[in-house]
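The values are calculated or read from the model by the stated rules, or taken from the named source; none is laboratory data. All values reported here derive from a predicted model rather than from experimental measurement. As a convention, Cβ positions derive from the backbone with ideal geometry for all residues, glycine included, and neighbour counts pool all protein chains shown. The area values use the complete protein model at the heavy-atom level, side chains included, leaving out ligands, DNA and RNA. Shrake-Rupley method; radii C 1.70, N 1.55, O 1.52, S 1.80 Å.
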Amino acid sequence: MTADALPEPGAARSAPDRLLAVLAAFDHGHPALTLTDISRRAGLTLTTAHRLVGALTEWGALERDADGIYHVGLRLWEVAALAPRGLALRQIALPYLEDLYEATHENVQLAVRDGDEVVYIEWFSGRSAVGVHIRVGARWPLHATGVGLALLAHGDPESQESYCRRELAAFTPYTITDGARLRRVLAEVRRTGVAVSSRQVTEDALSVAAPVRGPGGAVVAAVSVVVPQAGAQVPVLTPAVRVAARGISRALGWQPDEPPPPGAPRGTGRGSLIPGRPATPPTRPTPAPAPPS
C-alpha cells in the first residue's frame, strides 16, 4: 500500500498487511522517508508505524541514517537476490546482453512480467544512445514497450484477452490504446518472433524485443534494444536481438527443436551479432557484490 492518506475508519488490517504497508511506502520516487512520511504513506498511526519500523530496522529490512531518515536495508537485497527472476536471471543473461550492446552501442534491456506490468531487471545505456525512461526496477504497462509486447504475446490467451479489454494508458499519440489493434500486434509478434514498438513511450525511440524461454519452453523474460526512431533499421536489429534472446534461453536450459531463424548469425562472440565499431563500456549502475553464501 502506498496511499498518501489513512484508510477509511474501521478498516481492518492484519499485522502482515501493516508490515508490508511500511515496506511498500518506499518506491523509486520515495527512497528516503521520515517516520511521519512512512506513517502517512502506509496509512498507519504514528505509534503503529514506530513499532513496525523499529522491528524492520532491527532485522535489517530498513536502515536509519544520522538524520533520522529511513532507507531500504541491505537485508532485503540479500533476500531479493534469491529470486529466480531477479539477480539469478540477470547473471545468466549478462554475457548475452553485453554482446548485444557491443554489437549495437544502443540501449539494451532485460525485463520480466509481473501481472499487467513489465519490470526491468537489467539495463545497459550507450553514451550516445537515445534517452529512455528506464531504470532497473522500473515498471511500465505491457502494451507500451517492446519487451512488454513480447511477454504479453506469449502469455496465456485468457490473460491476453483480459488485457486487451482493459483501458490502455497512452503516453504518446502513437501508443496502442485500442484493444483490437493490440490483438493484431500480439498476433504479429507470435508470427515473427519479435516485437517492434515504435514511439509508444517517447516519440523519438523504437524498440525491438524478443522473448526469452525457460527450460520447458515457456517465456520467462524478454530482451530488447532501443534505438532512435529516426533511421531505425529493424531488419538489421532483429537477428541480433533474436540471437541474444536465444542465447539466454539456451543458458537457462531451453532445448529448441527448430533451427535458428533464417538470416540469424551463428555464435555469441563479442561484437559478432552486427558488424560495428570497436566496443566501449556500457553505461550502467555498478552491480553490487553478491551476498555471501
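Figures for the structure shown
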{"quantity": "Residues of region 19-55 that turn out to be open to solvent by less than 60 Å² (accessible area, probe 1.4 Å), in a helix (DSSP H, G or I) and polar (S, T, N, Q), as a count", "calculated": "2"}
{"quantity": "Residues of region 68-91 satisfying the condition of being open to solvent by 50 Å² or more (accessible area, probe 1.4 Å) and modelled with pLDDT of 90 or more", "calculated": "His71"}
{"quantity": "Every residue from region 237-246 that is touching a helix residue (DSSP H, G or I) at 6+ places or on another chain (Cβ under 9 Å), open to solvent by 10 Å² or more (accessible area, probe 1.4 Å) and not hydroxyl-bearing (Ser, Thr, Tyr)", "calculated": "Leu237, Val243, Arg246"}
{"quantity": "Single condition Arg213 does not satisfy, out of (1) touching a Phe, Trp or Tyr at 6+ places or on another chain (Cβ under 7 Å); (2) of a type outside the set (S, T, N, Q); (3) touching a residue at least 40 places away in the same chain (Cβ under 8 Å); (4) over 27 Å from Ile92 (Cβ atoms)", "calculated": "(4)"}
{"quantity": "Hey, Glu63 assigned to a strand (DSSP E or B), open to solvent by 40 Å² or more (accessible area, probe 1.4 Å) and either closer than 30 Å to Gly253 by Cα or at pLDDT 90 or above (or both) or not", "calculated": "yes"}
{"quantity": "Region 109-164 - residue that is open to solvent by 60 Å² or more (accessible area, probe 1.4 Å) and either within 10 Å of the chain's Cα centre (by Cα) or among the β-branched types (Val, Ile, Thr) (or both) and, of those, modelled with the lowest pLDDT", "calculated": "Arg135"}
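Every residue, every condition in (1) over 17 Å from the mean Cα position of the chain (by Cα); (2) open to solvent by less than 50 Å² (accessible area, probe 1.4 Å); (3) β-branched (Val, Ile, Thr), yes or no:
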position	(1), (2), (3)
Ala180	yes, yes, no
Arg183	yes, no, no
Val189	yes, yes, yes
Arg199	yes, no, no
Glu203	yes, no, no
Pro215	yes, no, no
Ala218	yes, no, no
Ala221	no, yes, no
Val226	no, yes, yes
